[in-house]
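Asks: Dropping a structure here in structure tokens format, bear with me for questions.
The values are calculated or read from the model by the stated rules, or taken from the named source; none is laboratory data. Fair warning: this is a prediction, and the values are worked out from it, not measured in the lab. When we count neighbours, we look across all protein chains shown, and the Cβ atoms used for this are built from the backbone with ideal geometry, even at glycine. The protein model used for the area step is the full one, side chains on, heavy atoms only, and it has no ligands, DNA or RNA in it. Shrake-Rupley method; radii C 1.70, N 1.55, O 1.52, S 1.80 Å.
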Amino acid sequence: AVNHWERAIETHQENHPWADHYHTKVEATEPRSVVDGDVDLITGGPQCTHYSKARGGKPVDEQKRASPWHVLDWVAKLRPEHVLLENVPEFESWGPVIDGEPTRNGQFFEAWAETFRGLGYQIGWRTLTAADYGDATTRTRLFVIASRDHQPTWPEPTHADDWRPAAEILDWSE
């Protein structure tokens, strides 16, 4: 696990104590310095705050919108069989920033997806709702799947008619 945010590394370490953990920026890390051998799967969540509608009209920093390109750097250098990324739905509309405002025309997202294809991957993306798959939240996220050997497929919802509220699983005694 590679992440610049210490809390993220702590959480991952608690849940996956067997894994190697690196508290560093992805873009400042040479992939082969932390990964030895073949890679089956890269998972990630490029920084999403500069794509999200939840920013409330705050100015957008183009440099902070670069993390999806850093993922592609890792993919190009490690050549994993598969890639799974998660982000806010607005990531699909990633486009240039003009006068501090995002265009939301999808131009950069399409170029990014085309770069995946150029690296020999078949790629697909879809917005999914977590509650449809048994999680106690109606949060929606854009998922991107890329594979070197087949067209990505998508799971069928398992709980589309059986959503449960988070209150059912929270331990209210804490």
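Asks: Compute the Cα gyration tensor for segment 59-164, then decide on rounded, prolate or oblate, letting a ≥ b ≥ c be the square roots of its eigenvalues: rounded whenever a/c is under 1.5, prolate when a/b is larger than b/c in the other cases, and oblate in all that remain.
Replies: oblate
Asks: Counting helices only, and only those DSSP H runs with n ≥ 4, report the 222 nm mean residue ellipticity of the chain as the sum of -39,500 (n - 2.57) divided by its residues, in deg cm²/dmol to the nearest 500.
Replies: Counting only the DSSP helices, I get -6500 deg cm²/dmol.
Asks: Among 134, 120, 95, whose mean-square fluctuation peaks in a Gaussian network model of the chain (Cα, cutoff 10 Å)?
Replies: 134
Asks: Just to verify a number: FRET efficiency for residue 139 and residue 32, C-beta to C-beta distance, R0 = 30 Å, to 0.05?
Replies: The formula returns an efficiency of 0.30 here.
Asks: Normalising by the residue count of the chain, find the relative contact order in percent from Cα pairs under 8 Å and 6+ residues apart.
Replies: Relative contact order of the chain: 17 percent.
Asks: What is the spin-label model distance, in nm, from residue 154 to residue 8 if the labels are put 7 Å beyond Cα along the C-beta direction?
Replies: With each label placed 7 Å out from Cα toward Cβ, I get 2.5 nm.
Asks: Can you pull the percent of the chain's accessible area that's carbon plus sulfur, 1.4 Å probe, other chains left in place?
Replies: Here it works out to 49 percent.
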